[in-house]
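A.B. asks: Following this message is one structure expressed as C-alpha coordinates.
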Amino acid sequence: MPVRSGAQAAQANKKEAPEAIKTGSKTGKASSRKGTYAHQTLGFGVPATRDPHHFKVVIPKANSGRVQISEYLGLQASSDEFAVIDRVSLERPRWTAIRSEVQRAFNAGLKAHNLKSASWKVGDNPVDRLLGKELCVLAWAVEGMEMENIPVAVRNWLALRPEERWWLFGMTSMSTGGINDSNKGWRLALRHALGDVAQSELLQPRGRREIVKHDPLPTLDLFGDE
(Lines give C-alpha, C1' and ligand atoms only; values in the text may rest on other atoms or scores of the structure.)
Protein backbone atom coordinates (compact mmCIF):
# COMPACT_ATOMS: atom_id res chain seq x y z
CA MET A 1 0.00 0.00 0.00
CA PRO A 2 1.61 3.33 -1.00
CA VAL A 3 2.40 5.79 1.79
CA ARG A 4 1.00 9.28 1.22
CA SER A 5 3.06 12.31 2.12
CA GLY A 6 1.71 14.95 4.51
CA ALA A 7 0.83 17.23 1.60
CA GLN A 8 -0.97 14.43 -0.21
CA ALA A 9 -2.96 13.53 2.94
CA ALA A 10 -3.99 17.13 3.50
CA GLN A 11 -5.15 17.41 -0.10
CA ALA A 12 -7.16 14.20 0.24
CA ASN A 13 -8.83 15.47 3.42
CA LYS A 14 -9.91 18.63 1.59
CA LYS A 15 -11.55 16.53 -1.11
CA GLU A 16 -13.30 14.29 1.41
CA ALA A 17 -14.65 17.11 3.62
CA PRO A 18 -17.53 18.19 1.34
CA GLU A 19 -18.66 14.58 1.06
CA ALA A 20 -18.70 14.26 4.83
CA ILE A 21 -21.01 17.27 5.03
CA LYS A 22 -23.32 15.76 2.46
CA THR A 23 -23.63 12.51 4.37
CA GLY A 24 -24.53 14.27 7.62
CA SER A 25 -21.38 13.77 9.68
CA LYS A 26 -20.59 15.94 12.70
CA THR A 27 -18.98 18.48 10.38
CA GLY A 28 -22.27 18.96 8.49
CA LYS A 29 -24.44 20.97 10.87
CA ALA A 30 -26.99 21.97 8.21
CA SER A 31 -27.77 18.42 7.16
CA SER A 32 -28.06 17.20 10.76
CA ARG A 33 -31.20 19.34 11.15
CA LYS A 34 -33.02 17.66 8.29
CA GLY A 35 -35.69 15.08 9.02
CA THR A 36 -36.07 16.07 12.68
CA TYR A 37 -39.73 17.19 12.56
CA ALA A 38 -42.46 14.97 13.98
CA HIS A 39 -44.11 14.74 10.55
CA GLN A 40 -44.34 16.69 7.31
CA THR A 41 -46.68 19.68 7.25
CA LEU A 42 -47.85 22.39 4.90
CA GLY A 43 -48.20 26.01 5.97
CA PHE A 44 -49.14 26.30 9.63
CA GLY A 45 -49.25 22.67 10.73
CA VAL A 46 -51.49 21.12 8.05
CA PRO A 47 -50.65 17.39 7.73
CA ALA A 48 -49.13 16.59 4.34
CA THR A 49 -51.77 13.95 3.65
CA ARG A 50 -54.46 13.52 1.03
CA ASP A 51 -57.13 16.25 1.28
CA PRO A 52 -56.92 16.98 5.04
CA HIS A 53 -59.47 19.03 6.93
CA HIS A 54 -57.89 22.48 7.23
CA PHE A 55 -58.36 26.23 6.84
CA LYS A 56 -56.94 28.52 4.20
CA VAL A 57 -56.05 32.19 4.61
CA VAL A 58 -55.94 33.93 1.23
CA ILE A 59 -53.89 37.15 1.25
CA PRO A 60 -54.23 39.21 -1.95
CA LYS A 61 -51.25 40.95 -3.50
CA ALA A 62 -52.97 44.34 -3.50
CA ASN A 63 -52.66 46.16 -0.18
CA SER A 64 -56.28 47.24 -0.49
CA GLY A 65 -57.56 43.69 -0.97
CA ARG A 66 -59.50 41.87 1.73
CA VAL A 67 -58.08 38.77 3.46
CA GLN A 68 -60.42 35.77 3.38
CA ILE A 69 -60.44 32.81 5.76
CA SER A 70 -62.20 29.63 4.59
CA GLU A 71 -62.58 26.16 6.03
CA TYR A 72 -61.90 23.14 3.80
CA LEU A 73 -63.56 20.01 5.16
CA GLY A 74 -61.54 17.68 2.96
CA LEU A 75 -62.50 14.01 3.13
CA GLN A 76 -64.99 14.82 5.90
CA ALA A 77 -67.20 16.82 3.52
CA SER A 78 -70.57 15.22 2.78
CA SER A 79 -70.44 16.50 -0.81
CA ASP A 80 -68.45 18.85 -3.03
CA GLU A 81 -71.14 21.49 -2.54
CA PHE A 82 -70.38 21.72 1.18
CA ALA A 83 -66.64 21.04 1.01
CA VAL A 84 -65.65 24.69 1.57
CA ILE A 85 -67.13 27.14 4.08
CA ASP A 86 -66.16 30.79 3.74
CA ARG A 87 -65.85 31.96 7.34
CA VAL A 88 -64.80 35.62 7.32
CA SER A 89 -63.40 38.42 5.16
CA LEU A 90 -61.19 41.03 6.84
CA GLU A 91 -60.22 44.49 5.70
CA ARG A 92 -56.45 44.62 5.17
CA PRO A 93 -55.72 47.04 8.09
CA ARG A 94 -57.53 44.72 10.49
CA TRP A 95 -55.57 41.73 9.25
CA THR A 96 -52.32 43.68 9.54
CA ALA A 97 -53.20 44.50 13.15
CA ILE A 98 -53.43 40.82 14.16
CA ARG A 99 -51.18 38.89 11.78
CA SER A 100 -47.84 39.19 13.64
CA GLU A 101 -49.15 38.08 17.04
CA VAL A 102 -51.13 35.24 15.49
CA GLN A 103 -48.07 34.03 13.59
CA ARG A 104 -45.95 34.17 16.73
CA ALA A 105 -48.52 32.25 18.78
CA PHE A 106 -49.03 29.60 16.10
CA ASN A 107 -45.30 29.05 15.60
CA ALA A 108 -44.75 28.71 19.33
CA GLY A 109 -47.31 25.90 19.37
CA LEU A 110 -45.83 24.25 16.29
CA LYS A 111 -42.34 24.40 17.77
CA ALA A 112 -43.60 22.85 21.01
CA HIS A 113 -44.86 19.86 18.99
CA ASN A 114 -41.68 19.61 16.92
CA LEU A 115 -43.32 20.84 13.72
CA LYS A 116 -42.06 23.25 11.08
CA SER A 117 -42.86 26.92 11.60
CA ALA A 118 -44.34 29.12 8.89
CA SER A 119 -44.98 32.74 7.98
CA TRP A 120 -47.80 34.56 6.23
CA LYS A 121 -47.28 35.16 2.53
CA VAL A 122 -49.23 36.60 -0.38
CA GLY A 123 -51.52 33.93 -1.81
CA ASP A 124 -52.84 30.77 -0.14
CA ASN A 125 -51.77 29.99 3.43
CA PRO A 126 -52.84 26.54 4.72
CA VAL A 127 -53.64 26.46 8.45
CA ASP A 128 -54.24 23.43 10.69
CA ARG A 129 -57.94 22.86 11.37
CA LEU A 130 -57.72 23.65 15.09
CA LEU A 131 -55.45 26.65 14.61
CA GLY A 132 -57.90 27.83 11.94
CA LYS A 133 -60.73 27.71 14.46
CA GLU A 134 -58.69 29.79 16.87
CA LEU A 135 -57.91 32.31 14.15
CA CYS A 136 -61.60 32.61 13.21
CA VAL A 137 -62.51 33.54 16.78
CA LEU A 138 -60.13 36.50 16.68
CA ALA A 139 -61.04 37.47 13.11
CA TRP A 140 -64.76 37.39 13.92
CA ALA A 141 -64.13 39.59 16.95
CA VAL A 142 -62.14 42.27 15.10
CA GLU A 143 -64.08 42.35 11.79
CA GLY A 144 -66.28 45.23 12.94
CA MET A 145 -64.36 46.44 15.97
CA GLU A 146 -62.99 49.94 16.45
CA MET A 147 -59.35 49.83 15.32
CA GLU A 148 -58.07 51.19 18.63
CA ASN A 149 -59.65 48.22 20.45
CA ILE A 150 -57.97 45.54 18.33
CA PRO A 151 -54.76 45.38 20.44
CA VAL A 152 -56.97 44.71 23.48
CA ALA A 153 -58.76 41.93 21.58
CA VAL A 154 -55.44 40.36 20.57
CA ARG A 155 -54.20 40.36 24.18
CA ASN A 156 -57.43 38.80 25.41
CA TRP A 157 -57.32 36.19 22.63
CA LEU A 158 -53.75 35.29 23.56
CA ALA A 159 -54.82 34.91 27.20
CA LEU A 160 -57.40 32.26 26.27
CA ARG A 161 -56.44 28.61 26.21
CA PRO A 162 -56.73 26.78 22.87
CA GLU A 163 -59.61 24.75 24.31
CA GLU A 164 -61.49 27.97 25.08
CA ARG A 165 -60.98 29.25 21.55
CA TRP A 166 -62.26 25.95 20.10
CA TRP A 167 -65.32 26.16 22.32
CA LEU A 168 -66.02 29.74 21.23
CA PHE A 169 -65.63 28.72 17.58
CA GLY A 170 -68.07 25.86 18.04
CA MET A 171 -70.69 28.05 19.68
CA THR A 172 -70.33 30.81 17.09
CA SER A 173 -70.17 28.62 13.99
CA MET A 174 -73.43 26.83 14.78
CA SER A 175 -75.58 29.82 13.86
CA THR A 176 -73.38 32.74 12.77
CA GLY A 177 -70.26 31.13 11.30
CA GLY A 178 -70.60 32.20 7.66
CA ILE A 179 -68.92 35.03 5.83
CA ASN A 180 -72.18 37.06 5.78
CA ASP A 181 -73.15 36.48 9.43
CA SER A 182 -71.38 39.43 11.05
CA ASN A 183 -73.00 41.87 13.46
CA LYS A 184 -75.36 39.37 15.05
CA GLY A 185 -75.53 36.64 17.64
CA TRP A 186 -72.27 35.15 18.84
CA ARG A 187 -70.28 37.14 16.29
CA LEU A 188 -71.38 40.36 17.96
CA ALA A 189 -70.84 38.83 21.42
CA LEU A 190 -67.22 37.96 20.53
CA ARG A 191 -66.58 41.56 19.53
CA HIS A 192 -67.67 42.81 22.92
CA ALA A 193 -66.14 39.94 24.90
CA LEU A 194 -62.64 40.28 23.44
CA GLY A 195 -62.68 44.01 22.78
CA ASP A 196 -63.69 45.00 26.29
CA VAL A 197 -61.23 44.17 29.10
CA ALA A 198 -63.83 43.75 31.84
CA GLN A 199 -66.09 41.49 29.79
CA SER A 200 -63.23 39.29 28.63
CA GLU A 201 -62.09 38.79 32.22
CA LEU A 202 -65.59 37.65 33.14
CA LEU A 203 -65.82 35.36 30.12
CA GLN A 204 -62.53 33.57 30.65
CA PRO A 205 -63.18 31.53 33.84
CA ARG A 206 -66.77 30.81 32.78
CA GLY A 207 -65.50 29.45 29.48
CA ARG A 208 -63.07 27.17 31.26
CA ARG A 209 -65.78 25.74 33.51
CA GLU A 210 -68.07 25.15 30.54
CA ILE A 211 -65.33 23.34 28.61
CA VAL A 212 -64.36 21.04 31.45
CA LYS A 213 -67.94 20.19 32.27
CA HIS A 214 -69.54 19.75 28.86
CA ASP A 215 -67.03 19.59 26.03
CA PRO A 216 -64.50 16.72 25.72
CA LEU A 217 -61.29 17.93 24.16
CA PRO A 218 -60.61 16.90 20.55
CA THR A 219 -57.35 15.38 19.34
CA LEU A 220 -54.94 17.94 17.94
CA ASP A 221 -53.91 17.58 14.33
CA LEU A 222 -50.58 18.87 15.57
CA PHE A 223 -49.93 15.52 17.28
CA GLY A 224 -50.32 13.52 14.07
CA ASP A 225 -52.33 12.84 10.96
CA GLU A 226 -56.13 12.73 10.99
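A.B. asks: Can you give the local net charge around LEU90? Use residues other than it whose beta-carbon is closer than 11 angstrom to its beta-carbon, Lys and Arg +1, Asp and Glu -1. Working shown, then result.
C.D. replies: Values: positive: ARG66, ARG87, ARG92, ARG94, ARG99; negative: GLU91, GLU143.
Charge balance near LEU90 sits at +3.
A.B. asks: Do the alpha carbons of any pairs in LYS61/LYS133; LYS116/LYS184; LYS121/LYS184 sit beyond 28 Å of each other, and which pairs? Present the calculation step by step, with values, prior to reporting the outcome.
C.D. replies: Details: LYS61/LYS133 24 Å; LYS116/LYS184 37 Å; LYS121/LYS184 31 Å.
Over 28 Å Cα-Cα: LYS116/LYS184; LYS121/LYS184.
A.B. asks: Compute, for THR96, the solvent-accessible surface of its heavy atoms (probe 1.4 Å) with the complete set of protein chains present, and express it in square angstrom to the nearest 10.
C.D. replies: Spelled out: THR96, probe radius 1.4 Å, area about 80 Å².
A.B. asks: What is the Cα radius of gyration of the range 66-205 over 2.2 N^0.38 Å, N being its residue count? It would help to have the intermediate numbers written out before the result.
C.D. replies: Numbers: Rg = 14.6 Å, N = 140, 2.2 N^0.38 = 14.4 Å.
Ratio of Cα Rg to 2.2 N^0.38 Å: 1.01.
A.B. asks: Taking the simple approach of a point 7 Å from Cα along Cα-to-Cβ for both LEU158 and ALA38, what is their distance in nm?
C.D. replies: 2.3
A.B. asks: Give, in whole angstrom and from largest to smallest, the semi-axes √(5λ) of the equivalent ellipsoid of the range 38-126, with λ running over the eigenvalues of the Cα gyration tensor.
C.D. replies: Taking √(5λ) for each Cα gyration eigenvalue gives 22, 20, 9 Å.
A.B. asks: Keeping the other protein chains in place, figure out the carbon and sulfur percent of the accessible area of the range 97-185, with a 1.4 Å probe. Write down the numbers at each step before the final one.
C.D. replies: Numbers: 1830 of 3750 Å².
Roughly 49 percent, rounded to a whole number.
A.B. asks: Treating the Cα atoms of the range 113-184 as identical point scatterers in vacuum, please give the log10 of the normalised Debye intensity I(q)/I(0) at q = 0.12, 0.25 Å⁻¹, two decimals.
C.D. replies: Each listed q maps to, in turn, -0.37, -1.31.
The values are calculated or read from the model by the stated rules, or taken from the named source; none is laboratory data. Computed from a predicted structure; not experimentally measured. A quick note on method: Cβ atoms are made from the backbone with ideal geometry, for glycine too, and the neighbour counts reach across all protein chains shown. Keep in mind that these areas ignore ligands, DNA and RNA; they rest on the heavy atoms of the full protein, side chains included. Shrake-Rupley method; radii C 1.70, N 1.55, O 1.52, S 1.80 Å.
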